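The values are calculated or read from the model by the stated rules, or taken from the named source; none is laboratory data. Here the structure is a predicted model, which is why all the values come from computation and not from measurement. Virtual Cβ from ideal backbone geometry, glycine too; neighbours counted across all protein chains shown. Areas reflect the complete protein model, heavy atoms only, side chains present, ligands, DNA and RNA absent. Shrake-Rupley method; radii C 1.70, N 1.55, O 1.52, S 1.80 Å.
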Amino acid sequence: MNSDPALRVYGNLSLLEMAPVLLAADRIHPGKTVIEHGSVMALWGKSSDLASLDSAGQADIALNSETQALRGSVGNPDLRFIFTVAECPYRIVARRSAGIEQLADLRGKRVATQLESSGEFFLDAMLRTVGLTVEDVVRVHFMAHTEKPISQVPEALKRGDIDAVALWEPQPQRAKVAIGADVIEFQDPAVYTEQFNLCTKQASLDAAAMRARIVAFVRSLIVAARRLKADPESGCRLVAKAAKLDIETVRGAWPRFDYPGTLASDLIERLERQEPWVAKAQRRAPRSRDALARLIDDSVLREARASTAA
């Protein structure tokens, strides 16, 4: 009988990105796991400064987009990126009836996003491709667990309270369904494709027993990624239950996701692109490529692969 304590895993349970984690914990991983809503800050027993990622307790491993992991790593440089759980190109969903036919038409328009998030980074990056920045639009900030939760975004778009949405799935999918034929979308995977990563801290990797448990879970994530390709419906149902979403919303957004089952080879380039934006928001100097590279550790993946059946 396995007497190891439960591996504590924290991540945003409202996201489709969590599908491999949910599947691994539910059906693949032989050890005990506890899945909690939260962020990488839980690795140090802290809650995020964003209400949407509020949590209590301490994580052994945790998941976030690059943006939040970079924000958290400034005060906690022992954070380590060890596995890429999901990738998803973001999109802007807008109302044609608001006079939006091309990306540049967002100038002066009301765009729903979230403060200091991957959504706001994506919005700024997309606008820069047409000579604009987020300062050229009216940002309307929504955030889960506040008086303006992002779940209200689709209806706000439908009512005409906002003109466009720049957020993560499934809100763009819900917004698209809400406005029907009035929709226009803008996206460029080369400008921003989110990488949703599994992280831990160096002390956990240095502790032999904890490291073995983390490696075992990553091994289960590799298997989960393969299963999701063969049986996406199993992932859809687990996500719908965890996120309290209707299954059609999840199925509609699902094709946008890839669950690569590895550590993204271009992660350092992604971190380099985001670091200046994060640094500006935190009112500090950007870190060097070498400093960012020290946050990435592929040794867990290599160990997991060595013991995973082909």
Which one of PHE121, VAL153, PHE142 is farthest out on the positive end of the charge dipole of segment 106-163, using unit charges on Cβ (Lys, Arg +1; Asp, Glu -1) and the Cα centre as origin? VAL153
In sequence order, calculated HN-Hα J values of segment 12-24 (Karplus, 6.51, -1.76, 1.60; Hz; x Gly/Pro): 7, 6, 8, 10, 5, 4, 7, 3, x, 5, 5, 5, 4
Listed candidates (1) -0.75, -0.87, -1.33; (2) -0.54, -0.65, -1.35; (3) -0.59, -0.71, -1.27 - label of the one calculated as log10 I(q)/I(0) by the Debye sum over Cα atoms at q = 0.10, 0.11, 0.16 Å⁻¹: (2)
Unit-weight point scatterers at every alpha-carbon of segment 102-221, Debye formula, q = 0.09 1/Å: log10 I(q)/I(0) is -0.35
Using helices alone, I'd like the mean residue ellipticity at 222 nm for the chain: each DSSP H run of four-plus residues gives -39500 (n - 2.57), total over residue count, nearest 500. -11000 deg cm²/dmol
Would you kindly find the accessible area of TYR259, with a 1.4 Å probe and non-protein molecules such as ligands, DNA and RNA excluded, rounding to the nearest 10 Å²? 10 Å²
Dipole in debye (nearest 20) - segment 7-84, about Cα centre, beta carbon charges: Lys, Arg +1; Asp, Glu -1: 160 debye
What is the local net charge at LEU103, summed over the other residues whose Cβ is closer than 15 Å to its Cβ (Lys, Arg +1; Asp, Glu -1)? -1
Let's test the formula: R0 of 25 Å, r as the Cβ-Cβ distance of HIS141 and ARG283. What FRET efficiency results, to the nearest 0.05? 0.85
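What is the magnitude of the charge dipole of the chain about its Cα centre, with +1 placed on the Cβ of each Lys and Arg, -1 on the Cβ of each Asp and Glu, and no other charges, expressed in debye to the nearest 20? Walk me through the intermediate numbers first.
Numbers: 41 positive and 40 negative charges, 73 e Å.
So the magnitude is around 360 debye.
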Considering only the other residues whose Cβ falls under 14 Å of the Cβ of PHE217, what net charge follows from Lys and Arg at +1 and Asp and Glu at -1? +3
Heavy-atom accessible area per residue, the chain, 1.4 Å probe: how many Å²? 41 Å²
I'd like the distance separating the alpha-carbon centroids of segment 271-290 and segment 55-88, in whole Å. 16 Å
Express in whole angstrom the spacing between the alpha-carbon centres of segment 99-178 and segment 22-37. 33 Å
Just to be sure I follow the rule: in the chain, considering lysines 8 or more places apart or on different chains, how many pairs have Cα atoms under 29 Å apart? 28
Using amide H atoms built 1.01 Å from N in the peptide plane, name the residues 5+ places from VAL34, or on other chains, whose amide H lies under 5 Å from its own. LEU7, ARG8, VAL9
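Only helices at least 27 Å long along their axis, Cα-based, and averaging 0.5 or more on Kyte-Doolittle count here, so list those DSSP H runs from the chain.
Passing helices, by number: 208-230.
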By per-residue mean of other Cβ atoms within 10 Å, what is the highest-first order of 64-74, 88-98, 121-131? 64-74, 88-98, 121-131
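What is the sum of charges, Lys and Arg at +1 and Asp and Glu at -1, for the other residues whose Cβ falls under 15 Å from the Cβ of ASP231?
Residues near ASP231 contribute +4 overall.
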State the percentage of accessible surface on segment 126-273 attributable to carbon and sulfur atoms; use a 1.4 Å probe and exclude ligands, DNA and RNA. 52 percent
Over the chain, what relative contact order in percent results from Cα pairs under 8 Å that are six or more residues apart? 26 percent
Per residue, the convex hull volume that the Cα atoms of segment 156-310 enclose (Å³): 164 Å³
Restricting attention to the alpha-carbon atoms of segment 1-126, what are Rg (one decimal) and Dmax (integer), both in Å? 17.8, 64
